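Comments concern the structure below.
Read-outs throughout are calculated quantities, based only on the coordinates presented, and are distinct from any laboratory measurement. Small disclaimer: the values here were computed from a predicted structure and weren't measured. Cβ placement follows ideal geometry from the backbone for every residue including glycine, while neighbour counts extend to all protein chains displayed.
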Amino acid sequence: MSLRATLDFLLYDWLDVVALTRRKRFADHGRETFDSVLDTCERIAREKFAPFNRLADLEEPHFDGQQVHLPRATHEAARAYVESGMLAAAQDYEIGGMQLPCVVEMAANSFFSMASVSLGAYAMLTSGNASLLMAHGTPMQKAVFARNEFAGRWFGTMCLSEPQAGSSLSDIATRAQPDGADFQADPLGPRYRLRGHKMWISGGDHEITENIIHLVLAKIPGPDGKLIPGVKGISLFIVPKRLVDTEGRLTGERNDVALAGLNHKCGYRGTTNTLLNFGEGRFPVRGGPGAIGYLVGEPGRGLACMFHMMNEARIGVGLGATMLGYAGFLASLDYARQRPQGRPVGPAGKDPSSPPVPIIEHADVKRMLLAQKAYCEGALALELYCARLVDEQYTGEDEAAQEARLLLEVLTPIAKSWPSQWCLEANSLAMQVLGGYGYTRDFPVEQYWRDNRLNMIHEGTHGIQALDLLGRKVLMEDGRGLQLLAQRIEASIALAAAQPAVAPLASSLARALQELVEATRKAWAGAQPDEALANATPYLQAFGHVVLAWMWLELAHRAWACRDRLPPEFVEGKLAAARYFFRYELPCIDAWLSVVAHRDRTCLDLSPQAL
């Protein structure tokens, strides 16, 4: 079945997104609108992105000392995306948006992520950058910076990490000094001069658009001239590559933001990745040293503002990982249907003169394909479910909106990390299905694996997501988020238990949920943080598997309920993938939760010298 068939099932049969059109914000829309958006994005992705995915990988960005060069196809893909209106798809009509539900926007973007995740990254970053400014910027900052980004005239970045401080943002050293005595008088925002270095900045330099708007984390020195330690000293600044006036016109002056070099990556090569120097003096700005930046929000509240973009980006990373896995699944499925090799096990295969069968006839190949289907379609359901929660948070009634907010807090680490791990495994299985051919550049699956390997690292590594989940998310608000999630899962179990086709899965999930809740309690029962968190990553994996089992119970239940109007093979595929996940994957949580519940100290007590 095609991606579009799966999306239609998830959007219309499972999530019932048409019901959103009864809300004032989405009242102008209907299924016809949503289908039109999906059709348009599928076509653009097929014509402008997919044919150039390999080209963007082979002709990676290069810097001639003056500017970064990218293939012409990158520029054309970006232009096609901008012209589609998708940069502002979920935004208000007043700023050029379509007021689409977030869940429809994400479904439409899945086509671009599958066609070429690295060509689509510029737009994802820009949308997140502008959305942050709409939430935390001044009216002038929204009008000048966010609106020009949504229009595609400028693109944006997020500048967090530094060469000496990757995930440890409390250790950043970029400084921001007030720019003169009247620094607060600038209409674009309190004006500062920034000096420092930012590393791993995706989209940090290019010539796709006339300007690049960097959102930069930096510290404002205290009265003693020293940087305030910890995250409380971090502020957020708008630092444009080229300076602009209050009408959004380029002034003709280059800001002191210099490209120090490009990072040459294993995959994801179509997106520039940079080391940027701020205020080094290469492009001196009149009035003093340093790059000019405009404060966003309050001093010392920069990380809180940045989390608006980071959380949006984490769901976007999860979607990108999902669709790379999905692309590999479809490629290996097509190959397995056409590649003849071997004969059936048993009497029918004993005649060596009989013709070989397509490898999809072999049980182990079916296993690898079914695993990919279970990982990728389950992950896609999770990402769209999270996007549906975003819509509920911003357009639902008060109680429903608060519940959506809490569920998103708990599920965001899973939405980012689970597809990053298991859809990468799907890519590995796709290579295995192709055998030696999968390890060559003659087929696309090796690139999908290389591209996907980044997703366990950026926007918060796997270990960071694990610490966030066990150390903060399941404890916040006296554990209300975890309790609410458990209630939602229990409600699904109760519905599925009454349906014989999926009742055995419901009972398995009930046991797994109880085991997860009990392990969470034991992990923190009288424990010190270092002891409780020593096995946070196995906890993350187990938590993710329980959530994905919930997704598959929901999908199997719904597919069976709609069996009279869905193609029989579609329903069979959903039920088979659900059974696979429950029988092959869900039992893994026993080992993971055992070390969590017993607070195993193997890794905590190991001396570095022993390694």
>> Just to confirm my numbers, what's the Cα centroid distance between region 568-608 and region 151-168 in Å?
In response: 34 Å
>> Give me MET140, MET431, MET134, MET309 sorted ascending by neighbouring Cβ count inside 10 Å, so fewest comes first.
In response: MET140, MET134, MET431, MET309
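For ALA610 and TYR12 in the same chain, what is the full-extension length gain: residue separation times 0.36 nm, less their Cα-Cα distance, in nm?
Working: separation 598, 0.36 × 598 = 215.28 nm, distance 5.53 nm.
In short, 209.8 nm is gained.
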>> For a bin width of 5 Å, list the pair-distance distribution of region 473-611 built from all Cα-Cα distances, rounded to whole %.
In response: 2, 10, 18, 18, 16, 12, 9, 7, 4, 3, 1, 0, 0
>> Beyond a 20 Å Cα-Cα separation, which of these cross-linked pairs lie in this structure: LYS373/LYS416; LYS373/LYS473; LYS198/LYS416; LYS366/LYS416; LYS24/LYS142; LYS142/LYS232?
In response: LYS373/LYS473; LYS198/LYS416; LYS366/LYS416; LYS24/LYS142; LYS142/LYS232
>> If you fit an axis through the alpha-carbon atoms of helix 31-44 and take the longest principal axis of the Cα set of the chain, what angle between them do you get, 0 to 90°, nearest 10?
In response: 80 degrees
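Summing Lys, Arg as +1 and Asp, Glu as -1, what charge do residues with Cβ under 9 Å from the Cβ of ARG558 carry, ARG558 excluded?
On the way: positive: LYS574; negative: ASP13, GLU554.
That sum, taken over residues with Cβ under 9 Å, equals -1.
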> Is the chain rounded, prolate or oblate when judged by the Cα gyration tensor, a ≥ b ≥ c being the square roots of its eigenvalues, rounded requiring a/c under 1.5 and prolate requiring a/b larger than b/c?
Replying inline: prolate
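Mind ordering 598-606, 576-584, 54-62, 84-92 by average Cβ neighbours within 10 Å, highest first?
Numbers: 598-606: 12.1, 576-584: 19.3, 54-62: 16.8, 84-92: 21.1.
So the peptides 598-606, 576-584, 54-62, 84-92, ranked by packing, come out 84-92, 576-584, 54-62, 598-606.
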> Can you put CYS423, CYS305 in order, fewest other beta carbons within 10 Å first?
Replying inline: CYS305, CYS423
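For every other residue with a beta carbon closer than 13 angstrom to the beta carbon of PRO504, add +1 if it is Lys or Arg and -1 if Asp or Glu, then tell me the sum.
Net of charged neighbours comes to +3.
List the trypsin sites (Lys or Arg not before Pro) within region 252-342 that DSSP assigns to loop and that have no more than 11 neighbouring Cβ atoms inside 10 Å. Spell out each step's value before the answer.
Details: sites: ARG254, LYS265, ARG269, ARG282, ARG286, ARG301, ARG314, ARG337; in loops: LYS265, ARG269, ARG282, ARG286, ARG301.
Answer in residue order: ARG286.
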>> Please list, by residue number, everything in region 512-553 whose backbone N is under 16 Å from a paramagnetic label point 7 Å out along Cα→Cβ of LEU475.
In response: 519-537, 539-540
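Per residue of the chain, what 222 nm ellipticity follows from adding -39500 (n - 2.57) for every DSSP H run with n ≥ 4, rounded to the nearest 500?
On the way: 18 runs with 301 residues, N = 611.
Mean residue ellipticity at 222 nm (helix-derived): -16500 deg cm²/dmol.
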> What's the exposure ranking of HIS214, HIS458, HIS206, going from fewest to most Cβ atoms within 10 Å?
Replying inline: HIS458, HIS206, HIS214
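Quick check on region 260-334: take the gyration tensor over C-alpha atoms, sort the square-rooted eigenvalues as a ≥ b ≥ c, and tell me if it's rounded (a/c under 1.5), prolate or oblate. Mind showing how you got there, number by number?
Working: a/c = 5.23, a/b = 1.79, b/c = 2.93.
Verdict is oblate for region 260-334.
List the trypsin sites (Lys or Arg not before Pro) within region 107-181 that fall in a DSSP loop (any state other than H, G, I, E or B) and whose Cβ has at most 11 other Cβ atoms within 10 Å.
Working: sites: LYS142, ARG147, ARG153, ARG175; in loops: ARG153.
Taking region 107-181 and a limit of 11 other Cβ atoms within 10 Å, no loop trypsin sites (Lys or Arg not before Pro) are found.
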> Once both labels are modelled 7 Å past Cα along the beta-carbon direction, what's the ALA304-HIS75 spacing in nm?
Replying inline: 4.3 nm
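In the neighborhood of LEU250, defined by Cβ-to-Cβ distances under 12 Å, what is the net charge if each Lys or Arg adds +1 and each Asp or Glu adds -1?
Values: positive: ARG153, LYS241, ARG242, ARG249, ARG254; negative: GLU210, ASP245, GLU247, GLU253.
After counting each charged neighbour, the total is +1.
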>> Between 0 and 90 degrees, rounded to the nearest ten: what's the tilt of helix 503-524 against the longest Cα principal axis of the chain?
In response: 40 degrees
> What is the distance in Å between the Cα centres of region 44-98 and region 1-27?
Replying inline: 26 Å
> Roughly how many whole Å is it from the C-alpha centroid of region 528-548 to that of region 361-390?
Replying inline: 22 Å
